[in-house]
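Worksheet: one structure, shown below.
The values are calculated or read from the model by the stated rules, or taken from the named source; none is laboratory data. Note that the structure is predicted; figures quoted are calculated from it, not measured. When we count neighbours, we look across all protein chains shown, and the Cβ atoms used for this are built from the backbone with ideal geometry, even at glycine. For accessibility, only protein heavy atoms count, side chains too; no ligands or nucleic acids. Shrake-Rupley method; radii C 1.70, N 1.55, O 1.52, S 1.80 Å.
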Amino acid sequence: MELPPGLRAIARERMRTRHLALRTEQAYLHWWQRYVAFHRRDPGELGATEVEQFLSHLAVNRRVSAATQNQALQALLFLYRHVLEIELPWLDGVTRAAQHRKLPVVSTRTEVRALLSQLQGAPWLVAALLYGSGLRLTEALRLRVKDLALERGELIVREGKGRRDRVTMLPASLDTALRAHLQRLRTWYDEERRCSRPGVTLPFALSRKYPEAGTRWGWQYLFPAAGLCRDPYSGLSVRHHLHEKIIQRAVQGAVRKAELVQPASCHTLRHCFATHLLEDGYDIRTVQELLGHTDLKTTMIYTHVMAKGARGVRSPLDRGEATGSTAQ
């Protein structure tokens, strides 16, 4: 059973009125569709009991993570509160998915250098920014020309996680590479304008307030996509930034070529940024601000994976008390 088209249209309007991110909108629609398909009934006929059954099914039968189950819960709460305008009672009958505390995977500095050495072009520059500035992949790909302050060595992250802006460092070692990249981008941009091609996507209603902003130099994506796409809000042809999968596949290929033992991804480079700064003696609150964490506890997890070992404790085996050999 499909989500009723009329309800889908109302839901999109309510989500966009609240300026939910497109990713959130897509995720919520996905969960609503799965919820309707699970019960095979109109969601307006369902209530707290059916919500509890669906969430318990995800934990018990589908074995989803706690984060995934919570995302489904938030999607259903939005559906009932803001779309159907029905307030659900406290959901105390839900079987909760098990929560596991996982330490982030952190590569050594040598491993990071080996990984980066296997990349080139835009994937290398993106990966270098992930490690050198502590960016999330989406934050790096959404960078626009105006977000770079090369003279000050700063980079402005617009609407990061939690819709917050922040300022982080711009590695001095990337200055030459970034200037060369901007020069190539400017040549491409001038050709785009000469051919009167569409501009880039703009956040929310900015395209109505400043119709020409999408074709202005400052608003151009630092890493534009090769082709045009259709804007999900206006339906017009626009140019978006590089797709995440292009960088993710390049990094995975680099991990294999570098023959790294531990699994690594784009987000691993952000973990390495935080951990290596702490190892260098930088204050944890400074690292928290650079990462854009709201809660210091989120940043504290990196203290458990620093190269000095568990809480900096020295093993008694390293004091020379033990003798013997592994040779047989």
Of the residues in the range 92-149, those that are closer than 18 Å to Gln262 by Cβ and among the small types (Gly, Ala, Ser) come to Ser107, Ala114, Ser117, Ala127
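Condition check: of a type outside the set (Val, Ile, Thr), modelled with pLDDT of 90 or more, open to solvent by 60 Å² or more (accessible area, probe 1.4 Å) and farther than 30 Å from Thr187 by Cβ. Does Lys257 satisfy that?
yes
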Provide a single number: the residues in the range 263-284 that are free of Cβ contacts under 8 Å to residues at least 12 places away in the same chain and either touching a helix residue (DSSP H, G or I) at 6+ places or on another chain (Cβ under 7 Å) or polar (S, T, N, Q) (or both). 0
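Quick check, is Arg96 of a type in the set (Lys, Arg) and in a helix (DSSP H, G or I)?
Numbers: of a type in the set (Lys, Arg): yes; in a helix (DSSP H, G or I): no.
The answer is no for Arg96.
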Considering only residues that are more than 13 Å from Arg142 (Cβ to Cβ) and of a type in the set (Gly, Ala, Ser), look in the range 153-166 and name the one that is surrounded by the most Cβ atoms within 10 Å (Cβ to Cβ). Gly153
Expected single match for part of a loop (DSSP other than H, G, I, E, B) and either in contact with a Cys (Cβ under 7 Å, 6 or more places away or on another chain) or over 18 Å from Leu91 (Cβ atoms) (or both) among Arg12, Arg63, Arg8, Arg23 is Arg63
Of the residues in the range 167-185, those that are open to solvent by 50 Å² or more (accessible area, probe 1.4 Å), aliphatic (A, V, I, L, M) and outside any strand (DSSP E or B) come to Ala172
Name the single residue that is most open to solvent (accessible area, probe 1.4 Å) among those in the range 138-152 being hydrophobic (A, V, I, L, M, F, W, C) and assigned to a helix (DSSP H, G or I). Val145
Which of the following residues is out of contact with any strand residue (DSSP E or B) (no Cβ under 6 Å at 6 or more places or on another chain), within 30 Å of His304 (Cα to Cα) and of a type in the set (Gly, Ala, Ser): Ala122, Ala98, Ala75? Ala98
In the range 31-57, the residues that are surrounded by 14 or more Cβ atoms within 10 Å (Cβ to Cβ) and either among the basic types (Lys, Arg) or in contact (Cβ under 8 Å) with a residue 40 or more places away in the chain (or both): Trp31, Trp32, Arg34, Tyr35, Pro43, Ala48, Val51, Glu52, Leu55
Restricting to the range 66-89, name every residue that is open to solvent by less than 30 Å² (accessible area, probe 1.4 Å), among the hydrophobic types (A, V, I, L, M, F, W, C) and either closer than 17 Å to Ile10 by Cα or assigned to a helix (DSSP H, G or I) (or both). Ala66, Ala72, Leu73, Ala75, Leu76, Leu77, Phe78, Leu79, Val83
Residues of the range 285-301 that turn out to be touching a residue at least 12 places away in the same chain (Cβ under 8 Å), open to solvent by less than 80 Å² (accessible area, probe 1.4 Å) and not in a helix (DSSP H, G or I), as a count: 1
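Matching residues to (1) in contact (Cβ under 8 Å) with a residue 40 or more places away in the chain; (2) touching a helix residue (DSSP H, G or I) at 6+ places or on another chain (Cβ under 8 Å); (3) under 28 Å from Gly160 (Cβ atoms):
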| residue | (1), (2), (3) |
| --- | --- |
| Met1 | yes, yes, no |
| Glu13 | no, no, yes |
| Leu20 | no, yes, yes |
| Leu29 | no, yes, yes |
| Arg62 | no, no, no |
| Ala66 | no, no, yes |
| Gln69 | no, yes, yes |
| Arg81 | no, no, yes |
For the subset of the range 196-236 comprising residues that are assigned to a loop (DSSP other than H, G, I, E, B), touching a strand residue (DSSP E or B) at 6+ places or on another chain (Cβ under 9 Å) and touching a residue at least 60 places away in the same chain (Cβ under 8 Å), which member is surrounded by the fewest Cβ atoms within 10 Å (Cβ to Cβ)? Phe223
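Return the residues of the range 91-115 that are open to solvent by less than 30 Å² (accessible area, probe 1.4 Å) and over 16 Å from the mean Cα position of the chain (by Cα); say none if nothing qualifies.
Correct list: Leu91, Val94, Ala97, Val106, Ser107, Val112, Leu115.
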If the requirement is being at pLDDT below 90 and of a type outside the set (S, T, N, Q), which of these qualifies: Leu58, Leu88? Leu88
